[in-house]
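Accompanying notes for the structure given below.
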């Protein structure tokens with residue numbers, strides 16, 4: 001033992017090893033599986049209906065990162081009922097203003113067809129512009145486009161997994 005360490009050991013009771021801090025246990029080996037990020041299980045499936053491709057792309061990226069699986073997209077209202085009835089998503093995000101119709105009419109057609117998907121109207125306009133129509137529509141609610149997020153959808157849907 002080195003002289004400086006012997007003096008410290010002897011000053012701490014005369015036994016080598018006493019008075020020294022304990023050595024931490026070795027860390028467990030990291031495996032490849034413990035290093036690779038595991039994807040979150042999907043929160044639910046959704047169809048995204050908006051006439052602006054750039055908005056659909058941004059919304060898809062944000063909602064996919066939040067755990068949603070986007071299984072369909074549409075830019076007009078005409079194709080939505082058939083797509084939704086075929087794909088049976090948990091959620092339909094439906095723009096109020098579409099080139100061929102409005103989201104309220106599409107929501108009515110979905111309800112008449114027996115659609116079981118939750119429908120949420122979205123718009124770049126404020127909810128107050130549509131307040132009475134939103135309350136009367138067969139939808140779960142309304143979100144302004146700038147408010148769309150995984151958290152906002154969870155709150156609107158009551159925290160329930162669709």
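A few notes on this one:
- Some residue of region 88-102 being part of a helix (DSSP H, G or I) and touching a helix residue (DSSP H, G or I) at 6+ places or on another chain (Cβ under 8 Å): no
- Residue, nearest to the chain's Cα centre (by Cα), within region 130-149, restricted to residues that are in a helix (DSSP H, G or I) and within 23 Å of residue 51 (Cβ to Cβ): 147
- Residue check for residue 119: buried (at least 21 other Cβ atoms within 10 Å of the Cβ), free of Cβ contacts under 8 Å to residues at least 40 places away in the same chain and either in the same structural domain as residue 45 (by TED's automatic domain parsing) or not in a strand (DSSP E or B) (or both): yes
Let's see how each residue does on (1) in contact with a strand residue (DSSP E or B) (Cβ under 8 Å, 6 or more places away or on another chain); (2) modelled with pLDDT of 95 or more; (3) under 21 Å from residue 150 (Cα atoms); (4) not assigned by TED's automatic domain parsing to the domain that holds residue 129:
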residue	(1), (2), (3), (4)
18	no, no, no, yes
57	no, yes, yes, no
71	yes, yes, yes, no
83	yes, yes, no, no
91	yes, yes, yes, no
96	yes, yes, yes, no
105	no, yes, no, no
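- Hits in region 140-155 (condition: over 16 Å from residue 70 (Cβ atoms), in contact with a helix residue (DSSP H, G or I) (Cβ under 7 Å, 6 or more places away or on another chain) and surrounded by fewer than 17 Cβ atoms within 10 Å (Cβ to Cβ)): 144
The values are calculated or read from the model by the stated rules, or taken from the named source; none is laboratory data. Here the structure is a predicted model, which means the values were calculated and not measured. No Cβ is skipped: glycine too gets one built from the backbone with ideal geometry, and neighbour counts run over all protein chains shown.
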